[in-house]
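See below for the structure under consideration.
Read-outs throughout are calculated quantities, based only on the coordinates presented, and are distinct from any laboratory measurement. Keep in mind that what you see is a predicted model, and the values were worked out from it rather than measured. Cβ sites come from the backbone with ideal geometry, for glycine too, and all protein chains shown count toward neighbours.
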Amino acid sequence: MRTGEIKRDTKETKIQIFLDLDGSGKHDIYTGIGFFDHMLTALCVHAGFDMNVKVEGDLYVDGHHTVEDTGIALGQAFRAAIGDMKGIARYGSFYIPMDEALGFCSLDISNRPYLVYDCSYTNQSTGQFDNFLTEEFMRAFAFNAGITLHLKCLYGANDHHKIEALFKALAHALKAAVKQEGNEVLSTKGVL
């Protein structure tokens, strides 16, 4: 069973995450930021992961610590769940149209974390979620999961649609990359 469970307590946040890569999209998510909950729900439903996320953050400051720390903890849970990476497809790429917006994700579960992020926004926030925190979440997730992650919104006008397209593209790319296809590590080195 490919699962990861993380408890992360700091002076700014208290986070509990359970992740099952072989689930069916069941979720129980609460971060205190409604739009962020919506994006994490889309991530687990579209990836087919089961995910429980409980976050208490210093939202009286702003959403930065909550969003970034959730990315850190989710990345750590993912890394625990993926284990030795034997047999996984490793790579995943996906386009998601969301009305007028088009999001793209390409990734490599490589143990070489990197983020390329290309998306601009019209407004500062969507609901109580600061739009620039999308990049902060993706960076924290990628670096703690050991993923090379490229995300791009090719076009769009509605910030909600752009961000949702990116989260759903990430979900489908992860779904493809974690698929079991054999028993060996997909690398000429023999390890990742």
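Before moving on, here are some points about what is shown:
- About its Cα centre, segment 20-101 has a charge dipole of approximately 420 debye under the convention of +1 per Lys or Arg Cβ and -1 per Asp or Glu Cβ, with nothing else charged.
- About its Cα centre, segment 3-177 has a charge dipole of approximately 580 debye under the convention of +1 per Lys or Arg Cβ and -1 per Asp or Glu Cβ, with nothing else charged.
- Among residues other than M138 with Cβ under 15 Å from its Cβ, the summed charge is -4 (Lys and Arg +1, Asp and Glu -1).
- Rg ratio for the chain: its Cα radius of gyration over 2.2 N^0.38 Å, N being its residue count, equals 0.97.
- Counting only DSSP H runs of at least 4 residues, each contributing -39500 (n - 2.57), and dividing by the residue count of the chain, the helix-based mean residue ellipticity at 222 nm comes to -11500 deg cm²/dmol.
- Counted by neighbouring Cβ atoms within 10 Å, the residues F141, F18, F35 run from fewest to most as F18, F35, F141.
- Percent of Cα pairs exceeding the 21 Å cut-off, where the set is segment 1-96: 32 percent
- For peptides 169-179, 128-138, 150-160, sequence by mean Cβ density within 10 Å, most packed first: 169-179, 128-138, 150-160
- On full extension, the segment bounded by D118 and M1 gains 38.7 nm, given 0.36 nm per residue less the C-alpha separation.
- Charge-dipole axis of segment 98-161 as Lys and Arg at +1 and Asp and Glu at -1 on Cβ define it, positive-most pick from T126, I109, H160: I109
- Two-site FRET efficiency, F143 against A89, from Cβ-Cβ distance with R₀ of 30 Å, rounded to 0.05: 0.90
- Cβ-defined net charge surrounding V178, 15 Å radius [Lys, Arg +1; Asp, Glu -1]: 0
- Taking other residues whose beta carbon is less than 14 angstrom from the beta carbon of G156, and scoring Lys, Arg as +1 and Asp, Glu as -1, yields -2.
- Under-5 Å amide H pairs with N131, H placed in peptide plane, nonlocal only: S125, T126
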